[in-house]
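Only one structure is covered here, and it is reproduced in the block below.
Only the coordinates and a few stated rules stand behind these numbers; no lab work does. Source: prediction; values computed, not measured. Because the Cβ atoms are built from the backbone with ideal geometry, glycine has one as well, and the counts that use them run over all protein chains shown.
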Amino acid sequence: MTQSRNEPVSGERRSPSRRSVLATMGALPILTAATSVAGASRAGAATAATAVVVDASARRQTIRGFGGMSHSAWIGDLTTAQRDTAFGAGDGRLGLSLLRIPVPEDRSAWSRDMATARRAIELGATVIASPWNPPSSMVETFVRGSQTNARRLRHDMYGAYAQHLNDFTAFLRNNGVNLYGISVQNEPDYAQDWTWWTPAEMVRFLRENAGSISTRVIAPESFQYLKNMSDPILNDPAALANVDVIGAHLYGTPFANFPYPLFKQKGAGKELWMTEVYYPNSTDSADLWPQALDVGEHIHRAMVDAEFQAYIWWYIRRSYGPMREDGRISKRGACMAHFARFVRPGSVRVEATARPSSDVYVSAYRSGDSTVVVAVNKGASAVSQQFSLANASASSVSSWLTDANRNVASQGVTGVSNGAFAVSLPARSITTLVTA
């Protein structure tokens, strides 16, 4: 993200255009387990859809969590109340379980995001960190195309830079914040305002220096999940051995580029994280509805199509973010909370019918004996959706709903009969279902 105290201007330019969507429809109640889908359709309550089969035995990726960025130097720190709203998991909270903070190049600024990091950890979150620049003494300028003042890490400073990352990690640890991982560089391939790295430079650093870093190493954090940045890492056994998390950003990344076959082929034992994005743009209010539902679809595709284990928003508190400037949860934030509050770290995504109809997106997760299902209906009509649980048992299902008028509102409990239940997904809504 571009370095600006007011607004990430270059980041806004690269965000994809918002898709046009239709006006909001009214909500419909949950159907009981005994209500037939066909009967509901005949009654005009909702359109019937293909049944969703959730197979608890077909395990996919382990989820590390959902989170956001705090960068107090650029937009100010979260307040005490905002920290609790962001990282608390109860009603009226976002439920974020991941926090990303910067690695300041200046040691005197290392404590700047400490208060938020400590509170996030107290509330059960995990913290990672990303640098925008090395210390200035380690940097040289060069000509890169039309940019005459481009910056890069001096090759004779790779060892010193690894020690810089280690020192920051130790400083946080000594002050009560144990980093889960640290990145080599934020967006090395979109660095007009910070430090450039070529794929070859990234591989060299990972091969020769990253092994000395005392926490998990995250790389390469390409701004657009460009595989020319991460393929060389996956194809170099020595570099890959010193990486723990393949990190990526999704600014303008087409959904068709979300899957990563090479990671599936060569990334055994490594994690795959989406470490920064805002979506669909930073120009609109996060409270526009039904446009905010785009966030629900985006997270769904990040979990199902890309099989990321983590999803991290850019600024937690921003006009286009999950939390408004006044500290209240936005509509985009409500959509994110449908995942973050209920799909907790350690949950495992399991196979489910992902597109039971053209406008409905479904993903499912297992934690202990419970199944969590998140269903996004972007269509103009309510959908009567049948669910069937395979290789799992349940006696009831609780649900929460966000639509034009409600934010993660409890919709009560319905029964499960022989592993099956039906739910009405209101037009332009997102619903989370939790079995018991």
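Classify the chain: rounded, prolate or oblate, from the alpha-carbon gyration tensor (a ≥ b ≥ c, eigenvalue square roots; a/c under 1.5 rounded; otherwise prolate if a/b is larger than b/c)?
prolate
Sorting K331, K227 on the 10 Å Cβ count, fewest up front, what's the list?
K227, K331
For region 48-56, take each phi angle, set θ = phi - 60°, evaluate the Karplus expression 6.51 cos²θ - 1.76 cosθ + 1.60, and give the result in whole Hz per residue in order, putting x for glycine and proline.
6, 10, 4, 5, 8, 9, 9, 9, 5
So, counting K/R as plus one and D/E as minus one, what does the shell of residues with Cβ under 14 Å around L179 add up to?
Cβ neighbours under 14 Å give a net charge of +2.
For region 107-172 and region 387-407, what is the separation of their Cα centres, given in Å?
Between the Cα centre of region 107-172 and that of region 387-407, the gap is 42 Å.
Does region 258-405 come out rounded, prolate or oblate by the C-alpha gyration tensor, with a ≥ b ≥ c the root eigenvalues, rounded set by a/c under 1.5 and, if not, prolate when a/b is larger than b/c and oblate if not?
oblate
Summing -39500 (n - 2.57) over the DSSP H runs of n ≥ 4 in the chain and dividing by its residue number, what mean residue ellipticity at 222 nm do you reach, to the nearest 500 deg cm²/dmol?
After summing the helix terms and dividing by residue count, I get -6500 deg cm²/dmol.
Over the Cα atoms of region 337-436, what radius of gyration and what Dmax do you get, in Å?
Rg and Dmax of region 337-436, Cα atoms, are 12.5, 36 Å.
Take L123, L425 and order them by how many other Cβ atoms sit within 10 Å, fewest up front.
L123, L425
Please list, ordered by chain and number, the residues whose modelled amide H lies under 5 Å from the amide H of T126; skip anything fewer than 5 residues away on the same chain.
Under 5 Å from the amide H of T126: L98, L99.
Kindly put V53, V374 in sequence by how many other C-beta atoms sit within 10 Å of each C-beta, fewest to most.
V53, V374
Can you list the residues, at least 5 places off or on another chain, whose amide H is less than 5 Å from the amide H of L250, using H built in the peptide plane?
Those qualifying (amide H under 5 Å, at least 5 residues apart or on another chain) are E276.
Using modelled amide H (1.01 Å from N, peptide plane; none on Pro or chain starts), what sits under 5 Å from the amide H of E271, excluding residues fewer than 5 places away?
Distant-sequence amide H within range of E271: V245, I246.
Apply the Karplus curve 6.51 cos²θ - 1.76 cosθ + 1.60, θ = phi - 60°, to the phi angles in region 182-192 and return the couplings in whole Hz, x for Gly and Pro.
10, 8, 6, 6, 6, 6, x, 10, 8, 10, 4
Through the Karplus equation 6.51 cos²θ - 1.76 cosθ + 1.60, θ set to phi - 60°, convert the phi angles of region 88-98 into ³J(HN,Hα) values in whole Hz; use x for Gly and Pro.
x, 10, x, 4, x, 10, 7, x, 4, 10, 9
Work from the charge dipole of the chain (Cβ charges, +1 for Lys and Arg, -1 for Asp and Glu, about the Cα centre) and give the residue of V362, A409, V383 farthest towards its positive end.
Going by the charge dipole, the pick is V383.
For the pairs K227/K378; K227/K270; K227/K266, flag any whose C-alpha to C-alpha distance is greater than 21 Å.
K227/K378
Report the label-to-label distance for D284 and Q147 in nanometres (one decimal), using points 7 Å from each Cα along the Cα→Cβ vector.
Here the modelled spin labels are 3.0 nm apart.
Between region 411-436 and region 231-285, how far is it from one alpha carbon centroid to the other, in angstrom?
Value for the Cα centre distance between the two parts: 33 Å.
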